[in-house]
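I have placed the structure first, in the form of structure tokens, so that the comments after it can refer back to it.
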Amino acid sequence: MTSFEEDALAADQEWAAGWKRGPVRLRWDVVPVQIDDPAPDLEVDDSIGKPVKLSSFWTDRPALLLFWRHFGCSCGMDRAARLRTELQAYLEAGANVVIVGQGEPNRAAAYKEKQELACPILCDPHRRLYQAYGLLEGTTAQVLFDAPDEFLRRDPQAGMDLMTSRRDSDRRLVDDPWQLPGEFVVATDGRLRLTYRYQYCEDYPDPRVLISAIKLARWEKGS
């Protein structure tokens, strides 16, 4: 089993390669899954390395699936802070809540503890679930709109300097730098009841929309 630092270094290199190549998955090749479609169901590891079938989260209750950008992203940390205040409302509405992240179990477990997240984190380092749910990469305008122009232009040295400066911080840059997030509600019949794909990295959904979709998914079953 690899260590946390080995996983993080490998993810550093993935981030650097992604910075150099730029975003490429900017368009859908096929129509992405939408409301009333069957929710894609794959098996991935959770933050303790246990294989988990995604559908296990919507067997008895609707599921709220929260796809993170990457664990070093400031907007992901903002979303984590929001989730800490919103989680109880989602649970009371009747949902199982689960985060999907790019990291391996070592990094997912560390992030879960650091961000004090009281819900499971699933690990999708190869982004199979991200792609199955139709989550694209974003342009620099969608991801770096609040950064200096050298980042908007994707200057190679600026990217490497940023990665180095963040390496020993809670905002370490890892994985795919261009991945956009998304949030989905799945009913117990395995069909999507809400599909929310971020248009930019801080495009957080209104929690009232998520709560309403969860309630509708529950009421449709008559529970």
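Worth pointing out:
- Identification of strands (runs of 3 or more DSSP E) wholly contained in segment 15-106 with 1 or more residues that are among the acidic types (Asp, Glu) yields 43-46.
- Test result for Thr164, β-branched (Val, Ile, Thr) and over 30 Å from Leu54 (Cβ atoms): yes
Yes/no matrix, rows are residues, columns are (1) within 18 Å of the chain's Cα centre (by Cα); (2) of a type in the set (Asp, Glu):
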| position | (1), (2) |
| --- | --- |
| Asp37 | no, yes |
| Ser55 | yes, no |
| Thr59 | no, no |
| Pro62 | no, no |
| Trp68 | yes, no |
| Phe71 | yes, no |
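- Yes/no for Thr164 being touching a Pro at 6+ places or on another chain (Cβ under 8 Å) and at negative phi: no
- Tally of residues being in contact with a Ser or Thr (Cβ under 9 Å, 6 or more places away or on another chain) and open to solvent by less than 20 Å² (accessible area, probe 1.4 Å) across segment 108-120: 2
- Considering only residues in segment 48-60 that are of a type outside the set (S, T, N, Q) and in contact (Cβ under 8 Å) with a residue 40 or more places away in the chain, the one that is nearest to Glu116 (Cα to Cα) turns out to be Ile48.
- Members of segment 95-108 found to be within 21 Å of Ser55 (Cα to Cα) and either without any contact (Cβ under 8 Å) to a residue 12 or more places away in the chain or under 17 Å from the mean Cα position of the chain (by Cα) (or both), listed by number: Asn96, Val97, Val98, Ile99, Val100, Gly101, Gln102, Gly103, Glu104, Pro105, Ala108
- In segment 64-81, the residues that are modelled with pLDDT under 90 and surrounded by 24 or more Cβ atoms within 10 Å (Cβ to Cβ) reach residues that are among the basic types (Lys, Arg) and part of a helix (DSSP H, G or I) with C-beta atoms within less than 7 angstrom, at least six apart or across chains, in these pairs: Phe71/Arg107; Gly72/Arg166.
- Listed by first and then second residue, the pairs linking a residue in segment 33-47 that is closer than 14 Å to Gln102 by Cβ and without any contact (Cβ under 8 Å) to a residue 12 or more places away in the chain to a residue that is open to solvent by 60 Å² or more (accessible area, probe 1.4 Å) and outside any loop (DSSP other than H, G, I, E, B), with Cβ atoms under 9 Å apart and 6 or more places separating them unless they lie on different chains, form an empty list.
- Scanning segment 107-120 for residues that are farther than 19 Å from Pro181 by Cα and assigned to a helix (DSSP H, G or I) yields Ala109, Ala110, Glu113, Lys114.
- When Glu14, Glu92 are checked against the criterion of being in contact (Cβ under 8 Å) with a residue 60 or more places away in the chain, open to solvent by 20 Å² or more (accessible area, probe 1.4 Å) and of a type in the set (Asp, Glu), Glu14 stands alone in meeting it.
The values are calculated or read from the model by the stated rules, or taken from the named source; none is laboratory data. These figures come from a predicted structure and were not determined experimentally. Cβ coordinates were reconstructed from backbone atoms using ideal geometry, including for glycine residues, and neighbour counts include every protein chain displayed. Quick note on the areas: whole protein, heavy atoms, side chains included, nothing else; ligands and nucleic acids left out. Shrake-Rupley method; radii C 1.70, N 1.55, O 1.52, S 1.80 Å.
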